[in-house]
Amino acid sequence: MSTAMNFGTKSFQPRPPDKGSFPLDHFGECTRFKEKFLKCLRENNFENGLCRYESKEYLECRMERQLMAQEPLEKLGFGDLADGKADRR
Amino acid sequence: MGGLWRPAWRGFAFCGWRRSPAGRPTSFAGVEQCLKPGRSGTEGAERGLRQLGTWRRPSLTRDLVVQPPRRPKSSNPYTRAQEEEWRRRNKTVLTYVAATAVGMLGASYAAVPLYRLYCQTTGLGGSVTAGHGSDQIENMVPVKDRIIKVTFNADVHASLQWNFRPQQTEIYVVPGETALAFYKAKNPTDKPVIGISTYNVVPFEAGQYFNKIQCFCFEEQRLNPQEEVDMPVFFYIDPEFAEDPRMVNVDLITLSYTFFEAKEGHTLPLPGYNGSQQLSPASSL
């Protein structure tokens, strides 16, 4: 939130997330996938485009374990990855 | 009232006439009447003069017949009917204008609840992007030539004793591409603690293009004693970001999360996540 309460300046309006909140992974079921993803990021200089496969796997892990609502991958922006790991830029 | 004045006016008129050297046909009978002393008409005229004031005098030569204020000016029945017609029409127009003015005032007062109702039904609620759903995510095309660096910041309110930090310092994304980022939170105390978070995006104008698909904010998150969890944020930057001329120089976006402690009975006025409800600690994950 903006700390300077100036009259007339627009303050930041936080918006709720589209699909709600992630349930917490209390038992660490998907921690392995998370580690893989972070390792990929560190190796690729934190470029998200190169690690999309790992992020897809993490989300799939969550969906399998009821930690996330089941959604087709296209709706999560992984349409290009849904046909296998063909697109690796 | 006109009738009462008539004799006084007539007497006054004739007396005034006598004094003014106007080249008008005189009525000798009237002059003689004026000259007679003790005539009641004179006293009435003087009374009238005193009450009306001397400025009436110039018009007396014309207005021999006393006019009450509301009688039509002409004696011709046709023009009088026309004047009546005009007067009636004027009154109608005035009524309509007054009704419109009152109606406008009422509409301006009614606009506030009506607009609120409209926003609730159409769900626009002040947000500009109407077509903002999973269809957009499905169809959006990454703008590959515009690389944006997203840095992460984690804050904790003073009364909350969690260790909260991001698990990557930055990430390079392009608009239209969904990205995942992680935060980590640990509860070092021996009691379960419930926290609730909100976020902020800097720069402010870029914040409207920053869309979160799923995150951990605005809902209570409970951490058991000595528990450590990963908190992911799944987001994307709207492809229209690349087309906004104000965003040409924006290459760095900072996402900042702040955790607060959720106490019992303490409601936080957070944005309409559960349908504009106030969140209370009673709601569960």
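What the table below lists for this structure:
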{"quantity": "Any pair with Cβ under 6 angstrom, 6 or more apart, that starts in the stretch A:41-56 at a residue that is crowded, with 17+ Cβ neighbours inside 10 Å and ends at one that is β-branched (Val, Ile, Thr)", "calculated": "A:Phe46/B:Ile171; A:Asn48/B:Ile171; A:Asn48/B:Val173"}
{"quantity": "Residue list for the stretch B:190-206, filter: surrounded by fewer than 19 Cβ atoms within 10 Å (Cβ to Cβ), at the interface with another protein chain (Cβ under 7 Å from one of its Cβ atoms) and of a type outside the set (Val, Ile, Thr)", "calculated": "B:Asn200, B:Phe204"}
{"quantity": "The lone exception for A:Glu74 - which of (1) assigned to a helix (DSSP H, G or I); (2) at pLDDT 85 or above; (3) within 9 Å of another protein chain (Cβ to nearest Cβ); (4) over 28 Å from B:Glu220 (Cα atoms) it fails", "calculated": "(2)"}
{"quantity": "Output for the stretch B:145-160, where each listed residue is surrounded by 15 or more Cβ atoms within 10 Å (Cβ to Cβ), within 18 Å of B:Leu255 (Cα to Cα) and among the hydrophobic types (A, V, I, L, M, F, W, C)", "calculated": "B:Ile148, B:Val150, B:Phe152, B:Ala154, B:Val156"}
{"quantity": "Test: residue in the stretch B:166-189 that is surrounded by 22 or more Cβ atoms within 10 Å (Cβ to Cβ), among the polar types (S, T, N, Q) and in the same structural domain as B:Tyr257 (by the TED database)", "calculated": "yes"}
{"quantity": "Within the stretch B:207-251, tally of residues that are at positive phi and surrounded by fewer than 21 Cβ atoms within 10 Å (Cβ to Cβ)", "calculated": "1"}
{"quantity": "Strands (runs of 3 or more DSSP E) (entirely within the stretch B:152-227) containing at least 3 residues that are in contact with a Phe, Trp or Tyr (Cβ under 9 Å, 6 or more places away or on another chain)", "calculated": "B:163-166, B:170-173, B:178-186, B:193-202, B:210-214"}
{"quantity": "Any hit, the stretch B:71-85, residues being modelled with pLDDT under 65, under 53 Å from the mean Cα position of the chain (by Cα) and not charged (D, E, K, R)", "calculated": "yes"}
{"quantity": "Sole residue being of a type in the set (A, V, I, L, M) and at pLDDT below 90, chosen from B:Val93, B:Val66", "calculated": "B:Val66"}
{"quantity": "In the stretch B:150-175, the residues that are more than 21 Å from B:Glu220 (Cβ to Cβ) and under 40 Å from the mean Cα position of the chain (by Cα)", "calculated": "B:Val150, B:Thr151, B:Phe152, B:Asn153, B:Val174, B:Pro175"}
{"quantity": "Residue tally, condition out of contact with any Gly (no Cβ under 8 Å at 6 or more places or on another chain) and not in a helix (DSSP H, G or I), over the stretch B:231-251", "calculated": "10"}
{"quantity": "Yes/no for A:Leu67 being surrounded by 14 or more Cβ atoms within 10 Å (Cβ to Cβ) and modelled with pLDDT under 80", "calculated": "no"}
{"quantity": "Check on B:Glu177, over 17 Å from A:Phe22 (Cα atoms) and at the interface with chain A (Cβ under 7 Å from one of its Cβ atoms)", "calculated": "yes"}
{"quantity": "Condition broken by A:Lys56, with the remaining ones in (1) more than 8 Å from chain B (Cβ to nearest Cβ); (2) closer than 17 Å to B:Tyr183 by Cβ satisfied", "calculated": "(2)"}
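The values are calculated or read from the model by the stated rules, or taken from the named source; none is laboratory data. Here the structure is a predicted model, which means the values were calculated and not measured. Counting neighbours? That spans all protein chains shown, and the Cβs are built from the backbone with ideal geometry, glycine included.
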